[in-house]
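Written out below as structure tokens is the structure these notes cover.
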Amino acid sequence: MPARSLLILLCCVLLAGCASQRRLAEVRDFAAEADKLAVYAELSQRFRATYERELPYLSPAAEQRARDTDRQRQQMYPDLLAIERNVVLYLHTLGQLAGAQQFSAGQPLQQLSDQIQAWPDSGLEQQHVQAYTRLAKAIARFAGGRRQQQAVWELLRDGYQPLQDCLAAMAAVLRLYGKHHENEQRMVLGMLEMEIPFTAAPPERLLAALAKAHQQDKAREYRLAGLRQAQAAQQLEALRQQHSALYQRLGAAAAPPPAPVAAPPLSALSR
């Protein structure tokens, strides 16, 4: 091969390698967004503890209703949190395949081997349960390999719609959290607003001062929780859009995918 042709070929190889590294860097940047999903986990824990916060402000009749609601809330909680853990594991696996810091998916995959169930009242529908399963299977296919760009593209391709659906499920659950947050805020602050005037008599001045300070603390707590709700919703939407844009860019540059390899059933992940 003439030297000039060889030089041109080497330049093409180098340029292709640079483009490939840029795309892998984009994937690593996207995978790093997993840390932002911690807000969803925090809000899930706050949702689980609703009854404990409400209890001092409940009437006897309202307490029984709240206890029944809390029972269902405790049953929902593991499944609502599992959606977030599945998304985080997907992002970490992408980071591994794209050459980020080594990450072992073995133990998390065993945790995903348990099925979750739908909770229609929370916004977690059957289609989201199916998306959870599909995403877990996509992770299982690629968690142990390092075929770099092709493996990254295949995981993006196989996990694209399941991840979009899982993010939609998380957004629906956040709306549920927001509704419970607003109900709790109205109930607690409303009760304090009604009761504090009855402590205005001179013998009750200290109690009134303490009650007003408590009222201010609760108002601040609810305001900050509301801001966290808004932040989590914005981060989810940004992640959804970033994921879609990354999928489109890498899809345009990807080679035709090979024949699909059968994914192991979820039951095999815990072995």
(Q) Filter region 212-247 down to the residues that are within 27 Å of Lys179 (Cβ to Cβ) and open to solvent by less than 40 Å² (accessible area, probe 1.4 Å) and list them by number. (A) Lys218, Tyr222, Ala225, Gly226, Gln229, Ala232, Leu236, Leu239, His243
**Q.** All positions within region 86-119 that are modelled with pLDDT under 80 and part of a helix (DSSP H, G or I)
**A.** Gly106, Gln107, Pro108, Leu109, Gln110, Gln111
Q) In region 42-65, is there at least one residue being surrounded by 15 or more Cβ atoms within 10 Å (Cβ to Cβ) and outside any helix (DSSP H, G or I)? A) yes
Q: Output the number of residues of region 147-163 satisfying the condition of being open to solvent by 20 Å² or more (accessible area, probe 1.4 Å) and either among the acidic types (Asp, Glu) or in a helix (DSSP H, G or I) (or both).
A: 8
(Q) Residue pairs, Cβ under 9 Å, 6 or more apart or interchain, first in region 37-51 and farther than 10 Å from Gln229 by Cβ, second open to solvent by 10 Å² or more (accessible area, probe 1.4 Å) and part of a loop (DSSP other than H, G, I, E, B). List them. (A) Tyr51/Leu58
Q: Confirm whether Gln161 is in contact with an Asp or Glu (Cβ under 9 Å, 6 or more places away or on another chain) and of a type in the set (S, T, N, Q).
A: no
Q) Picking from Leu189, Leu176, which residue would you name as being open to solvent by less than 30 Å² (accessible area, probe 1.4 Å) and either in contact with a helix residue (DSSP H, G or I) (Cβ under 7 Å, 6 or more places away or on another chain) or not hydrophobic (A, V, I, L, M, F, W, C) (or both)? A) Leu176
Q | Whichever residue in region 29-41 is surrounded by 18 or more Cβ atoms within 10 Å (Cβ to Cβ) and not β-branched (Val, Ile, Thr) and, among such residues, is nearest to Asp79 (Cα to Cα) | A | Tyr40
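The rows are residues; the columns are (1) modelled with pLDDT under 80; (2) farther than 30 Å from Val87 by Cα; (3) out of contact with any Cys (no Cβ under 6 Å at 6 or more places or on another chain); (4) in a loop (DSSP other than H, G, I, E, B).
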| residue | (1), (2), (3), (4) |
| --- | --- |
| Lys212 | no, yes, yes, no |
| Arg240 | no, no, yes, no |
| His243 | no, no, yes, no |
| Leu250 | no, no, yes, no |
| Val261 | yes, no, yes, yes |
| Ser270 | yes, no, yes, yes |
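The values are calculated or read from the model by the stated rules, or taken from the named source; none is laboratory data. Predicted model, so just to flag it, every value in this text is computed and none were measured. For neighbour counting, all protein chains shown are included, and Cβ atoms are generated from backbone atoms with ideal geometry for every residue, glycine included. Ligands, DNA and RNA are stripped out before the accessible areas are found, and what is left, the full protein with its side chains, is counted by its heavy atoms. Shrake-Rupley method; radii C 1.70, N 1.55, O 1.52, S 1.80 Å.
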